[in-house]
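Peer 1: Mind looking over this structure? Questions follow.
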Amino acid sequence: MTTQKPSPSRLAMVPFVSVAHMMEIVNGIGSAKMMTELAEYIERDFRRWESFDKTPRVAAHSNEGVIELMPTSDGENYGFKYVNGHPKNMRDGYQTVTAFGVLSNVDNGYPVLLTEMTVLTALRTAATSAMAAKYLAPKSARTMAMIGNGAQCEFQAIAFRALVGVEEVRLFDIDPAATAKAARNLAGSGLRVVPCRSKEEAVAGAEVITTCTADKQYATILTDNMVGAGVHINAIGGDCPGKTELHRDILLRSEIFVEYPEQTRIEGEIQQLDPGHAVTELWRVIMGEEPGRRTETQITLFDSVGFAIEDFSALRYIRDQLERTGAYIELDMLADPDDPRDLFGMVRRAS
């Protein structure tokens, strides 16, 4: 006589969004529309900033890179992202950044979503950048310089077109193949794409400058003489101790906006400055508590390192798209015995 192994209960199943599913979601909705919708989720969560648990990400640094956990909760849901950053990976045929995330129900601790976040992080980073630029960039901004044409480049360009109205993107990378790749991918995007031979050529006439480079070092991607009055700088490459992109003098001339100061002072451009240097939290600008761009000649800097609330917003967004897209499978991920006290019995009966 054989005993039939118990089947998983409904409570054991967790929706899982794979890389293939995420690509299906992006292509089904459209990247520009999806980043616009993501930006709306992020902005709504920034408007309730004080309701979230907040802590700098938990980081394990090495000479090769960093592995991080980024957790937060609004009291109803809990979310975290696992993400790495290894600049040397590209030489070995690996992605520089990979990620996955989980969203859970606070009431019972059960996960309600497991998802890839390598693609999703690129989308939410660009959505956050463009959302911030709505408040910080010149209203007439139509040209953006994109310094660093790696994995994030095209997402940034498309998000700035959709949310800010950028019409021309000027590309530069120390690797001409990266610039050629970005130009190919952006063909048909509605943007005028201008490959440039130098950083100086790229920033000439640009009202927005985005820096997105990967080397884990104190770098000077922008020098002080490259940044004129009235420019908005979207600095997204610096995201760990010892990694920056801007000359310190640029920071001293800029009005600096950040996500979470306690994290940005460790990881962002402002790690170059005194710990008490004044910065403005972006959520306060969105809430109308602090001004964003005040004058046409002001230099604004969004010193963005990425914060867990943005990932939480992205996880909420993907959860809300499951029914809309059907792009997921269910994983038997949680042990759920008939008698919650009889975990051993469930294992034995499955033999």
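What follows draws every value from the coordinates through simple rules; no lab data is involved. Since we're looking at a predicted model, the values are computed, not measured. Because the Cβ atoms are built from the backbone with ideal geometry, glycine has one as well, and the counts that use them run over all protein chains shown.
Peer 1: Can you give me the pair-distance distribution of segment 125-306, C-alpha pairs, 10 Å bins, whole percents?
Peer 2: Calculated over all Cα pairs of segment 125-306, the distribution is 11, 42, 37, 10, 0 percent.
Peer 1: Along the charge dipole of the chain, Cβ charges K/R +1 and D/E -1, which of Val208, Gly276, Thr72 sits furthest on the positive end?
Peer 2: Of the listed residues, the answer is Val208.
Peer 1: Shifting gears a bit: For Lys81, go through the aspartates and glutamates and keep the ones whose alpha-carbon is under 16 Å away, minus same-chain ones fewer than eight residues off.
Peer 2: Result set, ordered by chain and number: Asp53, Glu68, Glu116, Asp239, Glu310, Asp311.
Peer 1: Counting just the Cα atoms, what span does segment 60-213 cover along each of its three principal axes? Round to the nearest Å and put the largest first.
Peer 2: Ordered largest first, segment 60-213 gives principal extents of 54, 39, 26 Å.
Peer 1: More than 28 angstrom separation, counting every C-alpha pair in the chain; what % is that?
Peer 2: Summing the P(r) tail past 28 Å for the chain gives 44 percent.
Peer 1: Taking the Cα centre of the chain as the origin and placing charges on Cβ (Lys, Arg +1; Asp, Glu -1), which of Pro176, Ala130, Val166 is farthest toward the positive end of the dipole?
Peer 2: Final value for the positive-end residue is Pro176.
Peer 1: Take peptides 37-45, 72-80, 123-131 and line them up by average Cβ neighbours within 10 Å, highest first, as a rough protection proxy.
Peer 2: Final packing ranking: 123-131, 37-45, 72-80.
Peer 1: Fewest Cβ neighbours within 10 Å first, please rank Leu246, Leu322, Leu222 accordingly. Display every interim value, and only then the final one.
Peer 2: Values: Leu246 28, Leu322 17, Leu222 21.
Ascending number of Cβ neighbours within 10 Å: Leu322, Leu222, Leu246.
Peer 1: Pairs of alpha-carbon atoms within less than 8 angstrom and 6+ residues apart define the contacts here; what relative contact order does segment 125-306 have, in percent?
Peer 2: 23
Peer 1: Separate question: For the chain, what does -39500 (n - 2.57) per DSSP helix run (n ≥ 4), summed and divided by total residues, give at 222 nm, in deg cm²/dmol to the nearest 500?
Peer 2: Helices in the chain give a 222 nm mean residue ellipticity of -10000 deg cm²/dmol.
Peer 1: Any idea which of Tyr260, Ala20, Val83 is furthest toward the positive side of the dipole for the chain, if Lys and Arg beta-carbons carry +1 and Asp and Glu beta-carbons -1?
Peer 2: Ala20
Peer 1: Among Trp49, Trp283, what is the fewest-to-most ranking by other Cβ atoms within 10 Å?
Peer 2: Neighbour counts put them in this order, fewest first: Trp49, Trp283.
Peer 1: Among Lys199, Lys134, Lys33, Lys243, which comes first, second and so on when ranked by fewest other beta-carbon atoms within 10 Å?
Peer 2: The fewest-first ordering by Cβ neighbours comes to Lys33, Lys134, Lys199, Lys243.
Peer 1: Angle, helix 176-186 long axis vs. longest principal axis of the chain, Cα atoms, 0 to 90°, nearest 10?
Peer 2: The angle comes out near 70 degrees.
Peer 1: Same structure, new question: What angle, in degrees between 0 and 90 and rounded to the nearest 10, separates the Cα long axis of helix 118-136 from the longest principal axis of the Cα atoms of the chain?
Peer 2: Between the helix axis and the principal axis of the chain, the angle is about 40 degrees.
Peer 1: Taking segment 125-306, how many lysine pairs are there with alpha carbons less than 24 Å apart, if each pair must be eight or more places apart or span two chains? Walk me through the numbers on the way to the answer.
Peer 2: On the way: Lys139/Lys199; Lys181/Lys199; Lys181/Lys216; Lys199/Lys216; Lys199/Lys243; Lys216/Lys243.
Pairs that pass both the separation and distance tests number 6.
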